[in-house]
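These notes are about the structure you will find just below.
Just so it is clear, none of the values below were taken in a lab; they were calculated from the coordinates. Remember, it's a predicted structure, so these values are computed and weren't measured experimentally. Positions of Cβ are backbone-derived with ideal geometry, glycine not excepted, and every protein chain shown enters the neighbour counts.
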Amino acid sequence: MRLLVAVSVVCAMTVGAFAGQSKGASLDDLKFLVGEWRGEGDGKPGQAATGGFSFNFELQGKVLVRRNFAEYAATQERPAFRHDDLMIVYEDSNGRGLHASYYDSEGHTIQYAVAFSPDKRTLTFISDPSRSAPRYRFIFYRQAKDDLLNFEFDIAPPGNPDAFSKYIDGKAVRK
């Protein structure tokens, strides 16, 4: 399964990064994500052996909380380990759309914004460009079937914010 630590590393975006994205998306538009999801994959070295995530509305529907985990088998280079993270998606009180805060078991804390494609089938998280840090793009592709979700995680090197390379291409099935 290609649920890696990097799947969860999603950061903030600039307004220009969402050119062509739908305006006015709300938390209500994210209902399709609610539930328990199991990642699918093969557990090859460097890939998660098991993993999954959940999305649930909390605080009387004011936030959508994503909890994610990925377990990695031991390799010759490192012992087995588990990665956990938490992401809270919320509507910006200043009317600037959806945003999120990310925290993980490795000490990362990241702020980012969220946008939909015009047909609301693709949900994108993208970080601000930086000269000194990578830029991340995490995309959920909503499938025709409500129990299947594809995702992609891309990384652009520092100083070259639009030169994304695919890092993970995975899918999850609703439990």
| message | If each residue of separation counts as 0.36 nm, what is the full-extension length gain between residue 162 and residue 40 once their alpha-carbon separation is subtracted? | response | 41.1 nm
| request: Could you tell me, in Å, what Rg and Dmax come out for the Cα atoms of region 131-175? | output: 13.3, 41
| Near-label residues of region 81-105 by backbone N, under 19 Å of a point 7 Å along Cα→Cβ of residue 133 | 84-90, 99-105
| query | What aspartates and glutamates could a cross-link reach from residue 166, if we take a straight Cα to Cα line under 15 Å and drop same-chain neighbours fewer than 8 places away? | reply | 152, 154
| remark: Calc'd 3J(HN,Hα), region 120-125, phi into Karplus 6.51 cos²θ - 1.76 cosθ + 1.60 (θ = phi - 60°), Hz, glycine/Pro = x, comes to 6, 9, 10, 10, 10, 10
| task | Enumerate the calculated ³J(HN,Hα) couplings along region 29-36 in order (Karplus 6.51 cos²θ - 1.76 cosθ + 1.60, θ = phi - 60°), each rounded to whole Hz, writing x wherever the residue is Gly or Pro. | result | 5, 9, 4, 4, 7, 4, x, 9
| query | Once amide H atoms are built 1.01 Å from N in the peptide plane, which residues 5 or more positions from residue 49, or in another chain, come under 5 Å H to H? | reply | 71, 72, 73
